[in-house]
Structures are given as structure tokens and as C-alpha cells.
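Enquirer: What follows is a single structure, and I will ask about it in a moment.
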Amino acid sequence: MKNKQKKSLRNWLIALVAIVAIVAVAFLAFWPTDYYIESPGEAVAVNQFIKSKNKKPANFYLVTVSVTSRPASILEYLWSYTRPYSERVPSKELLGGQTSAQYNELQNWYMETSQQNAIYYAAKKAGKKHSLKYLGVYVMEVQKKSSFKHKLQIGDTVLGANGRRFHSTEEMMTYLRKQKIGSKVTISVLRGKQKKHFTGRIVKVKGTNKPGIGIQLVEHVTVKTTPKLTINAGEIGGPSAGLMFTLESYEVFTKQNLSKDHKIAGTGTILPTGKVGIIGGVDKKVVAASRAGAEVFFAPTDNTSVKASQTNYAVAKRTAKKIHTKMKIVPVDTFDDALHYLKKHYQKEK
């Protein structure tokens with residue numbers, strides 16, 4: 001009888017330990033942290049996103065950073081320490097106080113602007129007929145001290161102020177900076193297809209301390225070219241593919257094969273002037289491009305907001321050295337820098 005009791009007790013303890021272990025594993029696997037995990041993504045051929053009657057060689061590759069779609073579980077958070085170049089980013093830092101849906105919308109608007117700028121500059125550089133229509137500025141974020149905090153919404157398009165219609169972002173910012181702090185201002189906004197008007201006050205804009213309405217913005221434009229060319233990157237968001245979109249678009253407009261079928265990857269935003277801007281996660285993009293077999297990686301050298309040792313190019317060079325890649329890191333400040341490199345190294349090939 002005692003042996004049976006001992007055996008029953010032992011079985012009960014084993015079952016209890018198993019249950020506790022299952023609960024512990026489930027807790028680690030599913031209980032969310034307040035962190036998202038960023039890691040190297042993929043190198044994706046740009047030509048698949050471009051719609052044009054002209055041939056689109058598969059030479060240029062945009063590079064992505066993989067971000068978890070939700071806050072990482074405790075297990076995912078701990079496991080990320082075993083994966084080189086995985087980074088744990090606090091939700092507040094990644095989302096900036098927005099919801100996940102708002103953040104995704106923001107990335108889509110950045111991507112749309114990037115595509116429009118790329119098509120415009122590529123057509124201009126190629127000598128094709130082009131026009132860029134300024135529609136306003138997308139509201140990306142409303143700062144805490146803005147008097148429009150509970151009036152404007154992310155995705156609104158600001159058209160003008162005090163009855164004045166603006167024709168560029170610079171014109172709008174110049175006008176607002178001439179207003180006195182605390183003075184009233186009425187702005188015109190397009191929300192969906194409905195036009196609205198909101199009245200608030202001029203404040204010191206965080207980051208510049210200059211007069212403004214206290215919003216983070218991105219230019220809302222639309223471009224037309226002859227021949228017609230459009231870009232649709234699907235679910236990929238953000239502005240960092242601007243340079244690669246411009247290279248592919250220019251190649252299509254000019255009917256050239258700029259890289260002579262060499263695999264070229266890169267990153268960087270693009271302005272309508274051809275200026276290439278910095279992006280985030282360049283170390284992860286270098287890793288992804290190298291894994292995909294890219295021969296060249298274009299990296300922005302813009303140092304307007306960082307030290308020379310912290311530019312995308314500097315970080316990319318250090319990363320390439322660490323991973324012992326044969327991929328060449330090429331610095332670019334403008335579209336012409338990338339174009340000059342391609343013509344110098346590949347145009348003589350047959």
C-alpha cells in the first residue's frame with residue numbers, strides 16, 4: 001500500500017513539474033515585452049515594382065530591415081541576443097507614441113513620397129517630360145505642445161494657412177516662421193476628400209525652436225512623366241529605397257543597362273533635387289545585401305545631422321569589415337555619385 005502511495009505521489013509530482021514547465025515555456029513564448037526586434041531583412045529586385053512599357057533589367061536591389069509585427073515575447077527577446085545584428089528597440093522609440101496601425105500608415109506615406117521623388121528626378125535626369133505637382137504636406141506627427149494636438153490627425157494633408165495656399169513645403173515653413181509665437185493661425189486641411197479648417201496658435205517647434213504649428217511632416221506630391229512610369233512596392237514601407245528606385249527608373253527611361261548585369265544593392269532617401277539622405281538600420285542592410293550576393297552597396301554620406309564617423313557610409317564600412325564581406329561599400333551624397341560610379345566601372349564592359 002505504501003509503495004502504491006509513493007508511486008502515486010511520484011507520478012503526481014512528475015505531472016506537476018510537467019505542468020509548471022509547460023506554463024513556464026508558454027509564458028516565455030507568448031508573454032509580450034515592450035520591445036520590437038529589428039534584424040537583417042532581404043535584398044529585393046526593384047524592377048518587379050516598376051510598371052513601364054520599356055524593359056526593366058533586374059540589376060538594382062533595395063534592402064529591407066525585418067521588424068517583428070508585434071512586441072517580442074520574452075523568449076524572442078532573449079533569443080535575439082544569440083543572433084548577430086538583431087536589435088531590441090523599445091516600442092516608444094519605434095512607434096513614437098503612435099499605434100502600430102498609425103506607424104504602418106506613416107511608413108506607407110513615406111514610401112509613396114519616395115516613389116514620386118524617384119520618378120520625378122529620374123525623368124528629369126533622363127531628359128524626359130516631367131511635372132511635379134505639390135499637393136500639400138502629410139501630417140506625420142503632432143507634437144505635444146502644438147495647439148493642433150487634438151485637431152489634426154496623422155495622414156491629414158495641410159494645404160495652406162490664413163487663406164494662403166502654399167506651393168512647396170519650404171514656402172509653408174517660411175511663412176509660418178515669420179509669424180509671432182502665440183499668434184492665431186487658421187490652417188486648411190484635406191482629410192480624405194473633405195476639406196476642413198482648424199484654428200490654433202503658433203508655437204516653438206520642437207527641435208528647431210522656430211515658430212510653426214508643431215507637426216512632423218512629409219511632402220505630398222504627385223508626378224507625371226512621358227513615357228508613363230509607376231512604382232508600387234506593395235507592403236514595403238519607408239523612404240529608404242529612394243535612391244534604388246531612382247536608379248531603376250533612370251535605367252528604364254534611358255533604356256540602358258547601367259550595371260551590365262552586376263548585382264547592385266543600396267539604400268538612401270531621394271529628394272527632387274537628387275540629394276541622397278540617410279536612413280536607419282544600415283548595418284542590418286549591409287548584412288542582408290552581403291547574404292544576397294550583392295557586389296556593391298551604395299551608402300549615403302550625408303552628415304548634416306550626425307558626425308562623420310556616424311554617417312551611413314561610415315557604419316556600413318565598419319559592418320562590412322566585421323562580417324568579412326567582399327561587397328564594396330560605395331559612398332553617395334547625390335544620385336550623380338551613384339551614376340558616375342556605375343558608368344566608370346561597368347559601361348566599358350561588353
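Enquirer: How many residues, within segment 190-203, are outside any strand (DSSP E or B) and in contact (Cβ under 8 Å) with a residue 24 or more places away in the chain?
Expert: Initially, segment 190-203 is screened for residues outside any strand (DSSP E or B), giving 192-193, 202.
Next cut, in contact (Cβ under 8 Å) with a residue 24 or more places away in the chain only: 202.
Residues meeting the conditions: 1.
Enquirer: Can you confirm whether residue 235 is under 15 Å from residue 50 (Cα atoms) and open to solvent by 50 Å² or more (accessible area, probe 1.4 Å)?
Expert: yes
Enquirer: A follow-up question, please. Under 7 Å between Cβ atoms, at least 6 apart or on separate chains: pull out the pairs that start in segment 296-315 with a residue that is more than 11 Å from residue 282 (Cα to Cα) and end on any residue that is crowded, with 20+ Cβ neighbours inside 10 Å and of a type in the set (S, T, N, Q).
Expert: Here the result reads 301/311; 302/311; 303/311, each pair linking segment 296-315 to a residue that is crowded, with 20+ Cβ neighbours inside 10 Å and of a type in the set (S, T, N, Q).
Enquirer: What number of residues within segment 52-100 satisfy the criterion of being touching a residue at least 60 places away in the same chain (Cβ under 8 Å) and basic (Lys, Arg)?
Expert: Residues that pass the stated criteria total 3.
Enquirer: Counting just the residues of segment 323-345 that are of a type outside the set (Lys, Arg) and out of contact with any strand residue (DSSP E or B) (no Cβ under 9 Å at 6 or more places or on another chain), which one comes out most open to solvent (accessible area, probe 1.4 Å)?
Expert: 324
Enquirer: Could I ask something else about it? Applying the selection to segment 240-255, what residues are closer than 16 Å to residue 124 by Cβ and open to solvent by 10 Å² or more (accessible area, probe 1.4 Å)?
Expert: Within segment 240-255, the first condition is being closer than 16 Å to residue 124 by Cβ, and the residues that meet it are 242-243, 245-254.
Across segment 240-255, the qualifying residues are 250, 254.
Enquirer: Moving to a separate point now. What are the residues in segment 121-155 that are among the aliphatic types (A, V, I, L, M), open to solvent by 30 Å² or more (accessible area, probe 1.4 Å) and not in a strand (DSSP E or B), if any? Outline the logic, then answer.
Expert: Taking segment 121-155 as the starting set, the residues that turn out to be among the aliphatic types (A, V, I, L, M) are 122-123, 126, 132, 135, 137, 139-140, 142, 152, 154.
Next, from what is left, pick out any that are open to solvent by 30 Å² or more (accessible area, probe 1.4 Å): 132, 135, 154.
Within segment 121-155, just 154 meets the criteria.
Enquirer: Let me ask something else about it. Give the residue, chosen from 320, 294, that is surrounded by 20 or more Cβ atoms within 10 Å (Cβ to Cβ) and either of a type in the set (Lys, Arg) or farther than 21 Å from residue 239 by Cβ (or both).
Expert: Working: 294 fails: either of a type in the set (Lys, Arg) or farther than 21 Å from residue 239 by Cβ (or both).
Going through 320, 294 in turn, just one is surrounded by 20 or more Cβ atoms within 10 Å (Cβ to Cβ) and either of a type in the set (Lys, Arg) or farther than 21 Å from residue 239 by Cβ (or both): 320.
Enquirer: Output the residues belonging to segment 156-189 that are assigned to a loop (DSSP other than H, G, I, E, B) and surrounded by fewer than 17 Cβ atoms within 10 Å (Cβ to Cβ). Spell out how you get there, then give the answer.
Expert: Narrowing segment 156-189 to residues assigned to a loop (DSSP other than H, G, I, E, B): 156, 162-163, 166-168, 178-183.
Of everything in segment 156-189, those that are assigned to a loop (DSSP other than H, G, I, E, B) and surrounded by fewer than 17 Cβ atoms within 10 Å (Cβ to Cβ) turn out to be 162, 163, 167, 168, 178, 180, 181, 182, 183.
Enquirer: Among residues belonging to segment 193-231 that are in contact with a strand residue (DSSP E or B) (Cβ under 7 Å, 6 or more places away or on another chain) and within 21 Å of residue 53 (Cβ to Cβ), point out the one that is surrounded by the most Cβ atoms within 10 Å (Cβ to Cβ).
Expert: 229
Enquirer: Something else now. Within segment 29-47, which residues are of a type in the set (A, V, I, L, M, F, W, C) and either surrounded by 17 or more Cβ atoms within 10 Å (Cβ to Cβ) or touching a Lys or Arg at 6+ places or on another chain (Cβ under 9 Å) (or both)?
Expert: Keep residues of segment 29-47 that are of a type in the set (A, V, I, L, M, F, W, C), which gives 29-31, 37, 43-46.
Once the filter is applied, which keeps residues that are of a type in the set (A, V, I, L, M, F, W, C) and either surrounded by 17 or more Cβ atoms within 10 Å (Cβ to Cβ) or touching a Lys or Arg at 6+ places or on another chain (Cβ under 9 Å) (or both), segment 29-47 yields 37, 43, 44, 45, 46.
Enquirer: Let me ask something else. Take the conditions part of a helix (DSSP H, G or I), small (Gly, Ala, Ser) and closer than 22 Å to residue 169 by Cα and apply them to residue 114. Does it pass? Quick ask: steps written out before the conclusion?
Expert: Values: part of a helix (DSSP H, G or I): yes; small (Gly, Ala, Ser): yes; closer than 22 Å to residue 169 by Cα: yes.
The answer is yes for residue 114.
Enquirer: Another question about this same structure. Just give me the residues in segment 66-106 being open to solvent by less than 40 Å² (accessible area, probe 1.4 Å) and assigned to a strand (DSSP E or B), in sequence order.
Expert: Listed by number, the residues that qualify are 73, 89.
The values are calculated or read from the model by the stated rules, or taken from the named source; none is laboratory data. All values reported here derive from a predicted model rather than from experimental measurement. With ideal geometry, Cβ positions are generated from the backbone for all residues, glycine too; neighbour counts draw on all protein chains shown. Only protein heavy atoms, including side chains, enter the accessible area calculation; ligands, DNA and RNA are left aside. Shrake-Rupley method; radii C 1.70, N 1.55, O 1.52, S 1.80 Å.
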